[in-house]
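Reading through the structure tokens given below for one structure.
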Amino acid sequence: MPRIIFMNDRLVPEEEAKVSVFDHGLLYGDGVFEGLRSYSGRVFRLDAHLDRLWASARAIALEIPLAKDVVAQAVNDTLAANKLVDGYVRLVITRGAGSLGLDPNRTKNPQVIVIADTISLYPREFYEKGLRIVTAATQRVHSAALSPRIKSLNYLNNIMAKLEGLQAGCVEALMLNHKGEVAECTGDNVFVVRSGSLLTPPPDAGILEGITRGAVMDLAHAAGIACHEATLTRYDLYTADECFLTGTAAEVIPVVEIDGRKVGSGTPGPITARLTADFHTLVRQ
Ligand code: PMP
């Protein structure tokens, strides 16, 4: 069945949803995006995603041509038009078409695109048995060069690391920052459990501040599990009792092996299991 896409001001069939070859989103990766999930017909933390989208756009001096409530409505309308109750939404804002050349002032008509689809999660087996990951040699981009807090259309830094992971037979890869500290994975945030407490790198480690990361921190708090932002190195991951990743697409997923070393017992741990269960309850509320 052809999908229905929201483009700028209306819903159109997939084959009519097109952007110009002169769009700077295509030419330079100049734009921002969000990935959202809907569960039982409701978008999870829609406001937080829209706030982050607006912040990303602001950081690259891109003015989103629609009001936040209009974009929120477009997200819901696109899900409804595609009859999706449990779905994944990709919200994309491009700089718009312009002349060849970097100058964003010579573009016009930023494109607002909403795509709704089903989500292909990692296979169930990965959730049950846990992921194996490796550390990528590709460093997370230095925040003084391009802040990882901006969810921009330029994901090559992450893709380079993802390729390294795939070459090693892993679906995710760990990225370190320029100081050799743990930042995040290519599309997920990282947590470790040590002596019953959660630790996760702070925003200035060079991460995207994940919405799922925030939700898990809230759940830990509610469950009486201490959670701190802390500078982590690979030592902390290798010696952790448990490790897991969080992301809109991945949700909460255990990591059982890093760089060929077993994490804890080498099987998903109890705190990861507890937070996974709490997360599933939360998204259905
Ligand atoms: N880090 C990166 C680099 C990401 O692209 C994402 C989103 N896929 C995340 C972390 C997780 O963020 P969220 O929980 O908001 O999806």
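Candidates in segment 233-255 are the residues that are within 15 Å of the ligand (Cβ to nearest atom) and part of a loop (DSSP other than H, G, I, E, B); of these, the one that is surrounded by the most Cβ atoms within 10 Å (Cβ to Cβ) is Ala250. Based on this model, can you work out whether Ile258 counts as open to solvent by less than 10 Å² (accessible area, probe 1.4 Å), in contact with a helix residue (DSSP H, G or I) (Cβ under 8 Å, 6 or more places away or on another chain) and more than 16 Å from the ligand (Cβ to nearest atom)? For Ile258, the condition - open to solvent by less than 10 Å² (accessible area, probe 1.4 Å), in contact with a helix residue (DSSP H, G or I) (Cβ under 8 Å, 6 or more places away or on another chain) and more than 16 Å from the ligand (Cβ to nearest atom) - is met. In segment 80-92, is there at least one residue being open to solvent by 10 Å² or more (accessible area, probe 1.4 Å), within 16 Å of the ligand (Cβ to nearest atom), at pLDDT 95 or above and hydrophobic (A, V, I, L, M, F, W, C)? Yes, there is a match, as at least one residue in segment 80-92 is open to solvent by 10 Å² or more (accessible area, probe 1.4 Å), within 16 Å of the ligand (Cβ to nearest atom), at pLDDT 95 or above and hydrophobic (A, V, I, L, M, F, W, C). Of all the numbered requirements in (1) surrounded by fewer than 13 Cβ atoms within 10 Å (Cβ to Cβ); (2) assigned to a loop (DSSP other than H, G, I, E, B); (3) under 23 Å from the mean Cα position of the chain (by Cα), Met1 misses one, and that requirement is (3).
Among what's in segment 162-195 and is aliphatic (A, V, I, L, M) and within 15 Å of the chain's Cα centre (by Cα), pick the residue that is nearest to Ala240 (Cα to Cα). Break it down into steps so the answer makes sense when it comes.
Step one: filter segment 162-195 for residues aliphatic (A, V, I, L, M), giving 163, 166, 168, 171, 173-176, 182-183, 190, 192-193.
Restricting the remaining residues to those that are within 15 Å of the chain's Cα centre (by Cα) gives 171, 173-175, 183, 190.
Values: Val171: 21, Ala173: 17, Leu174: 15, Met175: 17, Ala183: 16, Val190: 12 Å.
Result: Val190.
When every residue of segment 47-70 is checked against the conditions, none turns out to be β-branched (Val, Ile, Thr), within 22 Å of Thr246 (Cβ to Cβ) and not assigned by TED's automatic domain parsing to the domain that holds Lys151. Checking the structure you have, find out if any residue of segment 13-26 is out of contact with any Cys (no Cβ under 9 Å at 6 or more places or on another chain), away from the ligand (no atom under 16 Å from the Cβ), assigned to a strand (DSSP E or B) and over 24 Å from Thr246 (Cβ atoms). Looking through segment 13-26, at least one residue is out of contact with any Cys (no Cβ under 9 Å at 6 or more places or on another chain), away from the ligand (no atom under 16 Å from the Cβ), assigned to a strand (DSSP E or B) and over 24 Å from Thr246 (Cβ atoms). Step by step: first the residues of segment 45-61, then only those that are within 11 Å of the ligand (Cβ to nearest atom) and among the basic types (Lys, Arg), then the one that is farthest from the chain's Cα centre (by Cα). Which residue is that? Residue satisfying both the conditions and the ranking: Arg45.
Can we say Gly35 is outside any helix (DSSP H, G or I), without any contact (Cβ under 8 Å) to a residue 24 or more places away in the chain and out of contact with any Asp or Glu (no Cβ under 9 Å at 6 or more places or on another chain)? Give the steps one after another, and end with the answer.
Working: outside any helix (DSSP H, G or I): yes; without any contact (Cβ under 8 Å) to a residue 24 or more places away in the chain: no; out of contact with any Asp or Glu (no Cβ under 9 Å at 6 or more places or on another chain): yes.
So Gly35 fails the test.
Is it fair to say Val71 is outside any loop (DSSP other than H, G, I, E, B) and touching a helix residue (DSSP H, G or I) at 6+ places or on another chain (Cβ under 6 Å)? Against the criterion (outside any loop (DSSP other than H, G, I, E, B) and touching a helix residue (DSSP H, G or I) at 6+ places or on another chain (Cβ under 6 Å)), Val71 does not qualify.
From the list Arg52, Arg42, exactly one residue is modelled with pLDDT of 95 or more, surrounded by fewer than 22 Cβ atoms within 10 Å (Cβ to Cβ) and more than 24 Å from Ser143 (Cβ to Cβ). Which is it? Even if it seems obvious, please write down each step before you answer.
Details: Arg52 fails: more than 24 Å from Ser143 (Cβ to Cβ).
Arg42 is the lone residue from the list that is modelled with pLDDT of 95 or more, surrounded by fewer than 22 Cβ atoms within 10 Å (Cβ to Cβ) and more than 24 Å from Ser143 (Cβ to Cβ).
Being more than 21 Å from Ala59 (Cβ to Cβ) and modelled with pLDDT under 95 is a description that does not apply to Leu166. Taking the criterion of being surrounded by fewer than 18 Cβ atoms within 10 Å (Cβ to Cβ) and either more than 9 Å from the ligand (Cβ to nearest atom) or among the acidic types (Asp, Glu) (or both), the residues of segment 206-230 that qualify are Glu209, Asp218, His221, Ala222, Ala223, Gly224, Ala226, His228, Glu229, Ala230.
The values are calculated or read from the model by the stated rules, or taken from the named source; none is laboratory data. Because the structure is predicted, anything quoted here is derived from the model rather than measured. Glycine also receives a Cβ, built like all others from the backbone with ideal geometry; neighbour counts cover every protein chain displayed. These area figures cover heavy atoms from the full protein model, side chains too; ligands, DNA and RNA do not enter into them. Shrake-Rupley method; radii C 1.70, N 1.55, O 1.52, S 1.80 Å.
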